[in-house]
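Report on the following structure.
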Amino acid sequence: GQIGGMCLNYHCKLGPGPTSANAGPKGGLKFQRCDEYRGGSRTDLMVLTASGELGIGTLYPTTPLEIITTKATNSGGLLINNTSSGTDEHAKLTLKVASSSGVADPYISFKTNEDEGIAWSCGVDNDANQAFKIAQSGNQLNTNTKLTITTDGKVGIGITPTSANLEVNGNADI
């Protein structure tokens, strides 16, 4: 149906493919913007697939939440905005894994393009006793690590600290 210029379409079958004008997710809800009240063109905005993936700017999300934007201004991204000014009213993003046994790491990956050589990651490395790390790698924290902070407060630059509060691999000016 249509509500104030917003179309809500329910699809129960797989569309003919990504090149078709009628292509859509396999089951789920597809949200579209209607340019005219009846019969006008429609622009796909968001999809919630039958298997629970949410795609914004894509009909075929490959992760639980996938956001694709083509905006040329600073409006592309994700905003967590807490407008309350009360005590302890934070805007918070939490990354959590099920185990701290080294099986998986909660981390953020920063990439400038598809080349893995131009990527950074930061997060908790469970293989290193939950140390916080910054690494020049888009897929893991224990490759090309540039900074390590251990849970007892030791800092290593280019090295994992062992005994001193600050350890530097290479020259340092203090």
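Ranked by the mean number of other Cβ atoms within 10 Å of their residues, highest first, the peptides 81-92, 158-169, 44-55 fall in the order 44-55, 158-169, 81-92. For the residue pairs K96/K133; K96/K146; K30/K111; K111/K146; K30/K96; K30/K92, alpha carbon separations beyond 26 Å are given by K30/K111; K30/K96; K30/K92.
The H on the amide N of V168, modeled in the peptide plane, is under 5 Å from the matching H of I157, each at least 5 residues off or on a different chain.
Residue separation times 0.36 nm, minus the C-alpha to C-alpha distance between L29 and T143: what's the value?
Net length gain for the segment: 37.0 nm.
Per residue, region 104-174 exposes 63 Å² of accessible surface when a 1.4 Å probe is rolled over the protein heavy atoms with every protein chain present.
Computed 3J(HN,Hα) for region 43-56, one whole-Hz value per residue from the Karplus formula 6.51 cos²θ - 1.76 cosθ + 1.60 where θ = phi - 60°, is 10, 5, 10, 7, 9, 10, 6, 5, 8, x, 7, 10, x, 10, glycine and proline marked x.
The values are calculated or read from the model by the stated rules, or taken from the named source; none is laboratory data. From a predicted model like this one, the values you see are computed outputs, not experimental measurements. With ideal geometry, Cβ positions are generated from the backbone for all residues, glycine too; neighbour counts draw on all protein chains shown. The area values use the complete protein model at the heavy-atom level, side chains included, leaving out ligands, DNA and RNA. Shrake-Rupley method; radii C 1.70, N 1.55, O 1.52, S 1.80 Å.
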